[in-house]
1. Could you tell me whether any residue of the range 351-362 is at pLDDT below 85, within 18 Å of Tyr79 (Cα to Cα), in a strand (DSSP E or B) and out of contact with any helix residue (DSSP H, G or I) (no Cβ under 9 Å at 6 or more places or on another chain)?
2. Considering each residue of the range 282-295, count those that are surrounded by fewer than 22 Cβ atoms within 10 Å (Cβ to Cβ) and touching a residue at least 40 places away in the same chain (Cβ under 8 Å), and give that number.
3. Give the residues of the range 260-288 that are modelled with pLDDT of 85 or more and not in a strand (DSSP E or B), sorted by residue number.
4. Among the residues of the range 148-155, are any over 15 Å from Cys116 (Cβ atoms) and either in a strand (DSSP E or B) or at pLDDT below 75 (or both)?
5. Determine whether the range 400-416 contains at least one residue that is in contact with a helix residue (DSSP H, G or I) (Cβ under 8 Å, 6 or more places away or on another chain), crowded, with 21+ Cβ neighbours inside 10 Å and at pLDDT 85 or above.
6. Looking at the range 403-415, I want the residues that are in the same structural domain as Gln429 (by TED's automatic domain parsing) and have a partner that is assigned to a strand (DSSP E or B) and basic (Lys, Arg) with Cβ atoms under 8 Å, at least 6 apart or on another chain. Which pairs are those?
7. If the requirement is being at pLDDT 80 or above and on the phi < 0 side of the Ramachandran plot, which of these qualifies: Ser244, Ser211?
8. Looking at the range 372-432, what strands (runs of 3 or more DSSP E) fall wholly within it and have at least 1 residues that are polar (S, T, N, Q)?
Amino acid sequence: MKEYYEILDVPLTATPEQIKAQYRQLVRVYHPDRFRNQDDKAYAEEKLKEINIAFQVLSGTSVRREPFEARVAPQPVAYPPQLDFGTLQIGQRAKLKLQIGNLGGPAENVDYGYSCPKPWFQLSKGKRVYPEQPFPIDFEVAVETRRLKPEQSYREWVEVVLDGMPVRVEVLVRTVAHRRVLLGPVRWQWSVAGFSLLFAGLLLASFMHVSLPSLPSLPTDVLPGALLSAHPSYELRAEEMLFSVNEGNETALYVGLGEGSTPRRLGLSGEEAVGTQAGQHIAYLHEIENLQQIFLFDLAKGDTKQLTYSSGPKARLAWSSDGLRLGYLVGQGDERRIGIYDLRAAQEYLLPGASSSGVEHFAWSPDGQSLLFDLWQGDEQRVYRMGVHGDDLRQLTHFDSWAGAWSADGTQILVGTDEGLYRLSSNGQQLHQLTTVPAYAFSWSADGQWIAYTTVTGAATAAQASAEEISYLPQTLWLTDRFGKESRQIAENLLWHQWSPDGATIGYVTGNVTTPDSLLYLWTLAADGQASAVPSLVAEVNRPFFSWPR
């Protein structure tokens, strides 16, 4: 009997609860699926058999066989990862919502603790978001400032623990002294001289208004995007392409209408601009103090504001379909995450949580409520689906795959593999192979009939390259029908491509980038499946990115 205690590494005085807890921990450690080396896997399988027998003997019960997911440690994730209550007056109370999700195996116990013995904030009892699912759980964090000192900044944390696995959330607040507002009658006393001065002032203002010369009108090919207090009546339309051009030390943003029209300068300096028709906003990247940040231009108001302030690099800006959220990639390498900026809440948060590793791609669902993204598992990638708030996480592929893309109706997705491009249902089933060579940068047309994708010269090189590195390799653009039966080559030396919102046109940029001012070509092509279709040159540019508003 003693050897069974040794196998589980518990004392002879261990209680049934302690034995069970240790058993669960050892199952997580020695589960064979955690090992890639075959010798290690074989050892883990034998070790797990010993552990199961020891637990069965010591507990006096049969070991219940559970799926692998039930034996994996929970991986809690918090949204948002930081709660900033801003500035509060002493005596003022405030509440913010905190949601805890789980990206790992099932959790039986939820606990929490604070960073200080007498916290100035409290976590409420949690409530399930979906009654039939254990996660995510909504909490309220309430701040009480009566015991705090004025004119101070406070930073503490609350830690939520799922079966021993913690996630920590920072809580911040700044305090000011309580300000009394004195209310009472205000008496105005006017003298004859006062009335005279008022009348003279009004008369002078009227004279000045009449006498001022009119300002010269703006050039018709410049939109007043960066002019102070401008209120343009300009409306972003679906057929207009946004792109950037290097002009000396400045990167200017332009709007191009297509063949036969003259591109117009927006009056903004930035790159990788993306527009939304729904919200009539343009988001773009602009460098401030050697850091790339995201800015937002409001077409209705004519003003610009900075959205992000973090130091990590940003890329791949994309709007949700309702124009209320902007998604982007933050960081680089293994630290790269998905950032979401919610315009209504004026708040930035990161997905899919602390357990993410090296996200290289994400895509909005057509309804704007979910995201596809890929994560690394060892030296392979998997495609996942998650709700926009970090809930409803699902693993859609269980093989090495990347860069999921939605169909316009949201019922199907595309994933790339080393064996080719695959189409499958949005729940990860009904696999159908479309190509026999690795495909990259793939996307659906709006009607779901055509798929654009690229192939990379040097398959061996591409297999080891990241998504960012692949974008710099020589690529060829292809068009295929949704069944993969009819494919044709569109262009070589490809740098970027995108479908128009109506799916009738595909735009792309060709050329070779050798210097910052290398001459590149922006084209459009009618995507009607006709081999005789002729591309149209929209503009000569020196930056490869463009986008259509969504």
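1. yes
2. The first filter runs over the range 282-295 and keeps only residues surrounded by fewer than 22 Cβ atoms within 10 Å (Cβ to Cβ), leaving 286-293, 295.
Applying the additional criterion that residues be touching a residue at least 40 places away in the same chain (Cβ under 8 Å) yields none.
Number satisfying all stated conditions: 0.
3. Listed by number, the residues that qualify are Gly270, Gln277, Gln280.
4. No, the conditions are met nowhere in the range 148-155.
5. Checked the range 400-416: at least one residue is in contact with a helix residue (DSSP H, G or I) (Cβ under 8 Å, 6 or more places away or on another chain), crowded, with 21+ Cβ neighbours inside 10 Å and at pLDDT 85 or above.
6. Gly404/Arg385; Gln412/Arg423; Ile413/Arg423; Leu414/Arg423
7. Ser244
8. On the way: elements: 380-387, 402-406, 412-417, 420-425.
The strands (runs of 3 or more DSSP E) meeting that bar are 380-387, 412-417, 420-425.
The values are calculated or read from the model by the stated rules, or taken from the named source; none is laboratory data. Bear in mind the structure is a predicted one, so any value in this text is a computation, not a measurement. Methodologically, a virtual Cβ is constructed for each residue, glycine included, from the backbone with ideal geometry; neighbour enumeration extends over all protein chains shown.
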